Amino acid sequence: MESFDVAIIGGGPAGSCCGALLKKYAPEMSVVILEREKFPRDHIGESLLPIVPQVIHEMGAWDKIEAADFPLKIGATYRWGKKKDLWDFEFIPIQHFHETDRPGKFDGQRVHTAWQVYRPIFDEILLDHAAELGCDVREETKVLKIESTGDRVDALVLESGEKITAKCYVDASGVSSILRKAMGVEAQYPTALRNIAIWDYWDNADWAIKVGVGGTRILVMSIDWGWLWFIPIAPTKTSLGLVCPLEYYRKSGQRPEELYAKAVKQDPLISELIRNAKPEGEIRTTNDWSYIADRLAGENWYLAGDSCGFADPILSAGLTLAMFGARQVAYSIIAEMRGTHDGQWLKSFYTEKQRRQIGQHIKFADFWYSSNGAFTDLVDYCRDIAKQSGHDMSSNAAFGWMATGGFTNDDPVIPMLGGFAIQAVKIQLARISQTRATWKVAEYNVFKLNLEGAVEDTFPIFSEGRVFNTPCYRRGESILPKYGMFGMVIEMLQAESRIVPALEWLERRYYEDPKYPNFEMTMDYALATLESMIDDGWVTCEKNKKDMFIVYETPVESASFHTNRDIARTFGV
Ligand SMILES: Cc1cc2nc3c(=O)[nH]c(=O)nc-3n(C[C@H](O)[C@H](O)[C@H](O)COP(=O)(O)OP(=O)(O)OC[C@H]3O[C@@H](n4cnc5c(N)ncnc54)[C@H](O)[C@@H]3O)c2cc1C
């Protein structure tokens with residue numbers, strides 16, 4: 001029997017991220033990663049959001065991933081929503097993107113871009129990196145059984161019969177969630193979304209758009225009964241997949257490859273891009289049902305990555321949730337083992353925050369599906385999703401409904417959802433539903449802090465390997481940080497409740513101590529923060545005819561979200 005400080009089950013991105021950060025910040029710890037496969041191994045989940053490269057940078061593996069020559073992800077082009085025209089979302093508006101050599105460095109515009117990755121190679125680089133930092137990585141080592149007493153894990157039993165013990169265990173085994181299941185933690189399936197994915201890889205497909213050196217936007221194209229992803233993952237290799245309801249697949253009576261071929265033919269743009277390309281011809285399938293585990297930690301164990309839960313791939317958020325969560329697990333384990341923080345406190349914060357984020361992503365995905373007018377053959381399915389999630393399809397109602405429980409502890413500095421600022425979330429909701437997104441900060445003009453039932457508390461912020469206790473108000477599971485932009489808005493409302501004088505106060509404050517690059521940005525962040533505080537019940541609003549209102553709108557067309565100009569022109573779609 002071997003003993004370690006930490007034993008991680010699974011060497012996917014969550015496992016290697018957790019292991020690498022443990023060894024980076026606590027090199028004295030012994031960490032073993034037990035992976036059942038021999039890498040490189042197949043995996044789906046190829047389109048990243050910019051938070052993932054940021055975590056990879058913290059792990060110290062950014063240069064290695066960049067050197068692998070994965071296409072640079074600048075954004076996505078969608079056919080999705082009430083109208084059938086194409087629209088783009090860009091992390092950096094391409095008119096502002098300047099071409100630079102690759103491999104590049106993690107600075108400037110590259111901090112805001114992501115990659116599209118071929119997972120066998122991507123996962124192998126990360127796992128090797130964890131080994132290089134000192135993790136004991138054991139491939140072809142399957143954990144077969146968990147021995148436990150009550151809520152405490154005693155040992156992992158390997159397929160070989162050997163046992164591994166540790167002070168702390170991390171289940172990063174993905175959807176197989178071996179430890180979660182062994183500890184009797186149930187998962188909830190809070191949505192009517194029940195999809196399957198069918199995909200293949202294509203050699204030499206054209207790219208719809210080329211940006212700089214090796215950069216592009218992925219394509220997400222709705223057809224009448226599902227949607228297609230088109231993700232270049234290497235200079236000549238493209239992942240092309242179909243997502244459709246399981247029920248549709250069953251009723252079709254067709255084999256996966258037949259349904260796939262039918263879908264690909266239905267999209268004129270994708271048909272054009274693969275005209276001279278060759279498929280591998282090895283069709284893969286999986287179901288992609290969203291779920292959330294009831295509990296993400298126990299006496300001496302944590303869940304990380306997909307074992308905590310999963311949200312439909314339409315938002316490309318799987319690895320963002322998996323790796324950002326695994327990062328927090330690493331920080332929490334170090335703080336508990338070093339005795340700087342109470343483990344129970346860290347675990348309950350992790351459970352609350354990670355569950356909320358997965359839940360918000362599931363709701364966001366529900367909105368995307370139920371508001372997609374392009375799914376003309378799936379009207380009943382979309383109606384069921386909307387009904388089960390209990391929302392109507394206006395963008396304002398959807399925003400309020402997603403904000404319940406708070407964006408406020410998603411990021412301690414500004415409110416965000418899955419790497420999107422609140423403005424960006426509202427723009428997406430408005431564009432998809434073709435309803436106007438309004439702002440309560442403009443609809444009302446008097447705003448008062450509502451601290452009824454709230455208590456003074458602290459919550460953890462994770463930075464440079466350490467956990468910082470940060471003051472906040474807490475009401476139930478909802479946290480209002482007295483820090484960052486939230487702290488600034490609290491001070492602003494304590495100084496002035498009428499919106500125009502309040503923003504004048506903010507302006508004076510900004511020029512005394514400019515924290516953000518310019519005042520317009522500070523104002524946008526402050527208004528988004530105020531809006532999210534209203535939706536989460538931290539601020540009450542009133543209309544007073546004697547006071548001035550502000551004009552604040554969500555533009556349907558903006559630099560980052562706009563009707564597609566380039567692909568539509570080139571391909572005539
Ligand atoms: C159709 C589809 C499309 C997706 N698209 C995207 C996307 O575009 N972008 C995105 O970010 N995410 C996407 N995802 C989600 C993404 O794939 C996952 O969120 C991500 O892989 C989670 O990482 P992980 O490390 O938690 O789990 P995994 O990557 O699954 O790693 C788990 C590891 O644990 C190992 N393991 C399992 N059981 C055992 C055991 N008993 N003993 C030892 N080892 C074990 C496995 O072999 C595996 O290597 C998609 C998912 C699906 C289904």
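The values are calculated or read from the model by the stated rules, or taken from the named source; none is laboratory data. This is a predicted model, so every value here is computed, not measured. So basically every Cβ, Gly included, is an ideal-geometry build from the backbone, and we count neighbours across all protein chains shown.
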- Query: Which of the residues belonging to the stretch 114-151 are of a type in the set (Ser, Thr, Tyr) and within 14 Å of ASP69 (Cα to Cα)?
  - Reply: TYR118
- Please go through the stretch 452-505 and pick out each residue that is within 24 Å of the chain's Cα centre (by Cα) and acidic (Asp, Glu). GLU464, GLU477
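Show me the strands (runs of 3 or more DSSP E) found entirely inside the stretch 165-256 where at least 3 residues are buried (at least 21 other Cβ atoms within 10 Å of the Cβ) and away from the ligand (no atom under 14 Å from the Cβ). Spell out the reasoning first.
Values: elements: 195-203, 215-223, 226-234, 237-245.
Strands (runs of 3 or more DSSP E) meeting the threshold: 215-223.
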- Checked against (1) among the hydrophobic types (A, V, I, L, M, F, W, C); (2) crowded, with 21+ Cβ neighbours inside 10 Å; (3) within 15 Å of the ligand (Cβ to nearest atom), ALA155 satisfies every condition except (2)
- Please verify whether the stretch 128-137 includes one or more residues that are in contact with a helix residue (DSSP H, G or I) (Cβ under 6 Å, 6 or more places away or on another chain), more than 16 Å from the ligand (Cβ to nearest atom) and in contact (Cβ under 8 Å) with a residue 60 or more places away in the chain. yes
- Pairs where the first residue, in the stretch 432-455, is in a helix (DSSP H, G or I) and the second is basic (Lys, Arg) and at pLDDT 95 or above, C-beta under 8 Å, 6+ apart: GLU443/LYS543
- Please verify whether the stretch 140-147 includes one or more residues that are part of a loop (DSSP other than H, G, I, E, B) and either among the basic types (Lys, Arg) or within 30 Å of CYS382 (Cα to Cα) (or both). yes
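Suppose we filter SER3, SER16 for residues that are assigned to a helix (DSSP H, G or I) and polar (S, T, N, Q); which single one remains? Break it down into steps so the answer makes sense when it comes.
Details: SER3 fails: assigned to a helix (DSSP H, G or I).
When all the criteria are applied, what remains is SER16.
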- Note on the structure: Reported set for the stretch 14-46 where residues are farther than 19 Å from CYS168 by Cα and crowded, with 24+ Cβ neighbours inside 10 Å is GLU46
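Is it fair to say SER148 is more than 14 Å from the ligand (Cβ to nearest atom) and buried (at least 19 other Cβ atoms within 10 Å of the Cβ)?
Working: more than 14 Å from the ligand (Cβ to nearest atom): yes; buried (at least 19 other Cβ atoms within 10 Å of the Cβ): yes.
Spelling it out, SER148 is indeed more than 14 Å from the ligand (Cβ to nearest atom) and buried (at least 19 other Cβ atoms within 10 Å of the Cβ).
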- Query: If we scan the stretch 187-210, do we find a residue that is over 30 Å from PRO256 (Cβ atoms) and touching a residue at least 24 places away in the same chain (Cβ under 8 Å)?
  - Reply: no
- Item | Number of the condition not met by ASP85 [criteria: (1) under 26 Å from GLN328 (Cα atoms); (2) of a type outside the set (Ser, Thr, Tyr); (3) away from the ligand (no atom under 14 Å from the Cβ)] | (1)
- Those residues of the stretch 310-328 that are among the polar types (S, T, N, Q) and within 7 Å of the ligand (Cβ to nearest atom) come to a total of 2
- Task: Report whether or not SER307 is closer than 26 Å to ASP377 by Cβ, surrounded by 22 or more Cβ atoms within 10 Å (Cβ to Cβ), within 13 Å of the ligand (Cβ to nearest atom) and in contact (Cβ under 8 Å) with a residue 60 or more places away in the chain.
- Result: no
